[in-house]
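Novice: I am attaching a structure below and will ask some questions about it afterwards.
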Amino acid sequence: MSFGTSLAVATIAAIAYLLGSIPFGYILVRLFRRQDIRSVGSGNIGATNVIRSGAKGLGVATFLLDVLKGCTAVWLGAWLASLLTPAMNVRNAEAVAAFFAVVGHMFPVWLGFRGGKGVATGFGVFLVAAPWAALAAIGLFFFVLAITRMVSLGSILGAASFPIFAWFLTNGDRPPFFIAAQFAVALLIILKHHQNIRRMMSGTENRLGSRKLA
């Protein structure tokens, strides 16, 4: 890898991380409710915890903004690659941006590296990089949610299914790094749900609409 390509990759990674690390759930709840969402329910900054805190409108806004920052990171990554190193495979540039945007959401520098679980941001990054696969995965998420009322189970299965959908539904070039990034993001999202997995195994996982916050 040439110095120019290395510099371009580092630039894409840094910008994607910073975009991904914008904690919209934290910001919105702080601005409109004068609360720290990290002190409510599960302490997660994502849309589900914002909704369960009683702020449904802010939860929807959090989800949309987290999706948007993921989309923006990947779009910018592809644009920067074409600008800085035209020889670089665009899909690889999108993969770098996708991975680091999700990492930024999960481990934001602004909140002591304690962020969300990456579901909405993960959907956003792949909505640009592999749109049909992303739509299929979120369709599975809503199907599981409708049956079980478990956001966590829908998120886990949606994330796990994404690389499979991407293999069959992505047209054109599929370089190894692009595929590896899909599996890496899916694995990160699943690992971030480790507490939910433990609760599901013990039969204590909360369901959407339940009174207990999770």
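The values are calculated or read from the model by the stated rules, or taken from the named source; none is laboratory data. The shown structure was predicted, so the numbers you read here are calculated from the model rather than taken from an experiment. In this analysis, Cβ positions are derived from the backbone assuming ideal geometry, glycine residues included, and neighbour counts consider all displayed protein chains.
Novice: Taking the residues in the stretch 101-144 that are in a loop (DSSP other than H, G, I, E, B) and touching a helix residue (DSSP H, G or I) at 6+ places or on another chain (Cβ under 6 Å) as candidates, determine which candidate is nearest to W75 (Cα to Cα).
Specialist: A130
Novice: Sticking with this structure for a sec: From the list R211, R199, R174, pick out the single residue that is closer than 18 Å to I51 by Cα and either surrounded by 16 or more Cβ atoms within 10 Å (Cβ to Cβ) or at pLDDT below 95 (or both).
Specialist: When all the criteria are applied, what remains is R211.
Novice: Restrict the check to the stretch 25-34 and report whether at least one residue is surrounded by fewer than 24 Cβ atoms within 10 Å (Cβ to Cβ), more than 27 Å from L157 (Cα to Cα), β-branched (V, I, T) and free of Cβ contacts under 8 Å to residues at least 60 places away in the same chain.
Specialist: yes
Residue by residue, here is whether (1) modelled with pLDDT of 95 or more; (2) touching a Lys or Arg at 6+ places or on another chain (Cβ under 9 Å); (3) within 18 Å of H193 (Cβ to Cβ) holds:
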site	(1), (2), (3)
L76	yes, no, no
A101	yes, yes, no
G112	no, no, no
T121	yes, yes, yes
V144	yes, no, yes
V151	no, yes, yes
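Novice: I would also like to ask the following. For the stretch 129-143, give me each residue that is aliphatic (A, V, I, L, M) and surrounded by fewer than 20 Cβ atoms within 10 Å (Cβ to Cβ).
Specialist: L135, A136, L140
Novice: Still on this model: From T48, T62, grab the single residue that is assigned to a helix (DSSP H, G or I), of a type outside the set (A, V, I, L, M, F, W, C) and at pLDDT 95 or above.
Specialist: Just a single option satisfies the conditions, and that option is T62.
Novice: Moving on. Return the pairs, sorted by first residue and then second, in which the second residue is of a type in the set (D, E) and buried (at least 22 other Cβ atoms within 10 Å of the Cβ), the first residue lies in the stretch 42-63 and is in contact (Cβ under 8 Å) with a residue 24 or more places away in the chain and closer than 17 Å to L145 by Cα, the beta carbons are less than 7 Å apart, and the residues are 6+ apart or on different chains.
Specialist: Close Cβ pairs (under 7 Å, with a partner that is of a type in the set (D, E) and buried (at least 22 other Cβ atoms within 10 Å of the Cβ)) amount to A47/D66.
Novice: Same structure again: Is it the case that some residue within the stretch 107-118 is out of contact with any strand residue (DSSP E or B) (no Cβ under 9 Å at 6 or more places or on another chain) and free of Cβ contacts under 8 Å to residues at least 12 places away in the same chain?
Specialist: Checking the stretch 107-118: at least one residue is out of contact with any strand residue (DSSP E or B) (no Cβ under 9 Å at 6 or more places or on another chain) and free of Cβ contacts under 8 Å to residues at least 12 places away in the same chain.
Novice: If we scan the stretch 177-185, do we find a residue that is among the polar types (S, T, N, Q) and free of Cβ contacts under 8 Å to residues at least 40 places away in the same chain?
Specialist: So far as the stretch 177-185 goes, no, none of its residues is among the polar types (S, T, N, Q) and free of Cβ contacts under 8 Å to residues at least 40 places away in the same chain.
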